[in-house]
Structure formats: C-alpha cells, structure tokens
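Each remark here refers to the structure printed beneath this line.
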Amino acid sequence: MIAFRFEDVPHSRRKCCKAQFSSFIEPFFSQYHRDRCYPGLIFQQGKRKMLQINVPASDFSGLLQAKPSTGNDPDSGKNRPVVKGHADEIKKYIVDRSRKGKPWIVGTLTANIAPKDITILELSRGICLVVIRRGVKLDITDGQHRKLAIHELIESTESHLISDDDFAITLVLEGDFHQCQADFRDMAQTKQLDKSLLLSFGEFSGRVGITKELIKRVPMFLGKTEKIKLSPATKDKLIYTTNFIARFVSCVFTNDPSNQLRDHDVYQASDALVLSLNRFFSECSNTEYIADTTVEELTVDEVAAFKEDCIIGVSVGLEVLGRLLHYIYDTENNYFNEEKVLQLAQIDWSRENQLWKDNVVRIDPKPKNPDKPYKLSTAANAVTDAVKIVKIRLEWI
C-alpha cells in the first residue's frame with residue numbers, strides 16, 4: 001500500500017484545494033458568527049456520540065463551567081469539591097515553563113452537554129462544525145482544576161503567556177445528571193503514578209537531572225534502582241528507587257528531602273557528588289561488595305541480606321547519609337570535604353550498631369526473626385537524632 005501525504009500533492013493543486021475548502025466552509029462561520037463555532041470530529045464511544053474540539057484560551061471563561069459539590073452533599077454538583085491549591089499548582093507549572101520558553105502540556109478536558117443545546121453540522125467522514133450558542137455553557141466532567149488555572153491565568157496580567165494557546169475538549173452529548181456523575185467517577189478511577197515513574201519521566205534539570213546522573217554513574221545505584229514502581233523488588237535484585245535517590249540528593253544539597261533544586265546545575269552538582277559517593281561506597285565495609293559487584297553477578301540472597309542488615313540499603317539510611325554529606329559540602333566551591341567523607345565510610349552502618357539505637361533503629365518487641373529484632377523508624381525526629389549522634393561521634397560538633 002502506498003501512503004498518501006498531502007505534502008506530496010503539487011503546490012498548485014494544494015493551493016487550489018485549500019481555496020475550495022475555505023470557500024465551502026466560510027459561509028457556515030458567517031452564518032453563526034454570533035455564536036461560538038469550532039471545527040470538530042465526531043466519534044462513538046460507550047454507546048454515546050462524542051465530539052472533539054479545540055478551544056482558544058480566551059473562550060474558556062464564557063464556555064466552560066464547573067459544578068463542584070459543596071458541603072457534605074455529593075449530589076450538589078457534578079464534580080468533586082475543589083482541592084485547595086491544586087489549580088495554583090497547575091498555573092505555576094504553566095507560568096514557570098512559559099517564562100523559560102520551555103514546552104508544557106495540559107491534558108484534554110472532558111465536558112458534557114445535552115444534545116438539544118448544541119448544533120452539529122456534519123460535513124463528511126466524522127468531520128463537523130460544532131455551534132454553541134452564546135448563552136450555553138459546557139459542564140466540566142473532568143478537568144475542573146485545569147479550567148480554573150487557565151481561567152485565572154487568562155484573567156491575570158500574565159495572560160499573554162497562553163493567549164495564543166488552544167485547549168482540547170472531549171464533549172460528551174449527555175444531559176442526564178446522574179450519568180454525568182457516573183462519568184466523573186469512572187474517569188477518576190485511574191491508577192496514581194508511582195513517584196519513581198514520575199521522576200524517571202521528569203525534565204532533565206534540578207534534582208531529577210542530578211538523580212539520573214547518579215543512577216547512571218554510581219555503581220552502587222547502577223542496575224540496582226527501581227525506576228518505575230513504588231518499591232524495589234528484592235527478587236529482581238533492586239535495592240533503591242528513583243524516589244529514594246531523589247530525596248537523598250535534595251538532602252545533600254539543601255538538607256530538605258522535598259527541595260527540587262531548580263537553581264542547581266545538573267552536571268556541576270552531580271560531578272562533585274558522584275566522586276564523593278563512589279569513594280564512600282568503595283571504602284565503606286558495609287557497601288564495598290555491593291558497590292563493586294554488578295547486578296548480574298549479585299545474587300538475590302546477597303541483595304536481601306544487604307537490605308536487611310545495612311541501613312544504607314533503605315530510604316531512611318540514605319536520608320541520614322544525605323544530611324551528613326550536606327554538613328560537609330562547600331557550596332561556594334562545590335566540594336565535599338574528602339577527609340570527612342572517609343570518616344563517614346569508617347562508620348558501621350549495620351542495624352546492629354548501637355549508634356542507630358533508639359533513633360532510626362528500634363527494637364521490635366515481637367520480631368518475626370528473634371535473631372534480628374530490629375525495625376526502622378522513618379520519623380523526621382529519628383533522622384535528626386541519628387545525624388546529630390554521628391556528628392558528635394566524629395567530633396564534628
């Protein structure tokens with residue numbers, strides 16, 4: 001089969017086709033110039049007719065409306081109650097990306113309308129014109145926070161950032177209130193993406209970029225990090241997750257596990273940290289074997305034993321290490337004190353070490369394995385206490 005592309009048609013013929021199409025469709029727009037008229041596509045899904053249209057940002061305020069529930073009455077609206085701050089997060093994302101001249105994307109909104117309140121001029125092969133009278137509004141089924149963010153942005157002094165943008169709307173021809181509520185429920189039943197996957201697909205900047213560099217350049221992490229799921233499967237010989245390492249990176253450079261490090265240069269920061277981590281992992285008796293052995297050579301039992309015995313094999317241990325590295329980081333020179341890195345490597349990072357007792361390691365009164373009665377505490381105060389005790393032990397304070 002030979003694929004047909006419009007670009008392959010001679011320019012003169014293309015020009016003629018465009019002129020013919022314009023002369024054909026313009027009368028429709030002229031006829032409905034007092035209404036809102038959009039090119040659209042018709043399709044069938046779930047035994048209902050649906051439309052796909054693209055709407056300029058400036059049309060949002062007058063065209064779309066959300067009907068969130070209020071109080072303790074779900075039937076008071078078609079959508080869930082507004083989640084405070086969520087629209088602000090979307091707006092900040094658009095503004096930040098736009099100011100930097102970087103691409104951004106907002107997912108398709110879904111709205112509904114009773115068939116009697118809309119005019120569809122079917123042309124051919126699912127192509128149509130959708131006419132919506134000025135007084136008619138589309139009820140949002142999915143995307144109320146996106147709509148609010150776009151509305152507030154177009155009404156603000158920074159409206160120029162999105163004034164030339166269009167937003168896709170899937171329009172369900174549905175007027176039944178209870179079916180609209182059911183549609184919202186059905187669309188909300190999506191699986192939340194694990195943090196590791198979100199980070200793996202994140203923009204290569206800040207802590208995401210540094211994290212990706214570490215996973216690629218630090219043998220302790222290479223091949224031993226879960227990049228998609230919530231937790232690392234021991235049977236797959238995985239020790240860390242991308243999210244574990246990202247939180248560690250934030251602790252290293254700001255002492256705050258949630259900091260995005262937007263102002264940090266990826267390569268300068270990662271170069272310094274990679275150098276120090278590789279020295280630490282190769283010098284530390286608890287991590288030396290794991291760091292120097294590829295994931296192909298490691299056994300499942302060895303990985304399991306490491307995660308069970310060494311606190312660096314779990315997220316809370318990485319956080320303790322990250323906060324200690326932050327203490328010996330020279331911000332101005334982008335340098336970790338080499339002598340103190342080696343001091344950290346000489347510590348016994350096993351759960352049995354009394355250094356961690358009653359901070360990040362607690363004694364389980366009813367352990368499954370009496371020989372290993374240790375359980376971990378991930379509380380913020382436990383991490384703080386552990387970091388302080390190490391500083392005192394190493395006479396840093």
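The values are calculated or read from the model by the stated rules, or taken from the named source; none is laboratory data. Keep in mind it's a predicted model, so treat the numbers as computed, not measured. Quick reminder, even Gly has a Cβ in these numbers, built from the backbone with ideal geometry, and neighbours come from all protein chains shown. The accessibility values were calculated without ligands, DNA or RNA, using every heavy atom of the protein model including side chains. Shrake-Rupley method; radii C 1.70, N 1.55, O 1.52, S 1.80 Å.
Values as computed for the structure displayed
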{"quantity": "Options ASP348, ASP358, ASP364: the member that is over 24 Å from GLU288 (Cα atoms), open to solvent by 60 Å² or more (accessible area, probe 1.4 Å) and not aliphatic (A, V, I, L, M)", "calculated": "ASP358"}
{"quantity": "Qualifying positions in segment 12-52 - among the polar types (S, T, N, Q) and at positive phi", "calculated": "none"}
{"quantity": "Test: ARG262 is at pLDDT 95 or above and either assigned to a loop (DSSP other than H, G, I, E, B) or not hydrophobic (A, V, I, L, M, F, W, C) (or both)", "calculated": "no"}
{"quantity": "Residue under evaluation ALA305, criteria (1) open to solvent by 10 Å² or more (accessible area, probe 1.4 Å); (2) in contact with a Phe, Trp or Tyr (Cβ under 9 Å, 6 or more places away or on another chain); (3) of a type in the set (A, V, I, L, M, F, W, C), criterion not met", "calculated": "(2)"}
{"quantity": "Looking only at segment 199-258, and only at residues there that are more than 17 Å from HIS326 (Cβ to Cβ) and polar (S, T, N, Q), the one that is modelled with the lowest pLDDT", "calculated": "SER200"}
{"quantity": "Identity of the residue in segment 286-300, loosely packed, with under 14 Cβ neighbours inside 10 Å and touching a Ser or Thr at 6+ places or on another chain (Cβ under 9 Å), that ends up nearest to LYS235 (Cα to Cα)", "calculated": "VAL300"}
{"quantity": "Hits in segment 200-211 (condition: out of contact with any Ser or Thr (no Cβ under 8 Å at 6 or more places or on another chain) and in a helix (DSSP H, G or I))", "calculated": "GLY206, VAL208"}
{"quantity": "Matching residues in segment 256-285 - criterion: being open to solvent by 40 Å² or more (accessible area, probe 1.4 Å) and within 20 Å of TYR240 (Cβ to Cβ)", "calculated": "ASP256, SER258, ASN259, GLN260, LEU275, ASN278, ARG279, SER282, GLU283, SER285"}
{"quantity": "Enumeration of residues in segment 212-255 that are assigned to a loop (DSSP other than H, G, I, E, B), in contact with a Lys or Arg (Cβ under 8 Å, 6 or more places away or on another chain), within 15 Å of LEU277 (Cβ to Cβ) and open to solvent by less than 30 Å² (accessible area, probe 1.4 Å)", "calculated": "LYS224, ILE239"}
{"quantity": "Candidates LYS67, LYS102, LYS18, LYS78, filtered to the one that is of a type in the set (Lys, Arg) and modelled with pLDDT of 75 or more", "calculated": "LYS102"}
{"quantity": "Every pair of residues 6+ apart whose Cβ atoms lie under 7 Å, when the first sits in segment 361-381 and is farther than 16 Å from TRP349 by Cα and among the aliphatic types (A, V, I, L, M) while the second is open to solvent by less than 100 Å² (accessible area, probe 1.4 Å) and outside any loop (DSSP other than H, G, I, E, B)", "calculated": "ILE363/TYR374"}
{"quantity": "Flag for ALA182 being open to solvent by less than 40 Å² (accessible area, probe 1.4 Å), of a type outside the set (D, E, K, R), at pLDDT 85 or above and not in a loop (DSSP other than H, G, I, E, B)", "calculated": "no"}
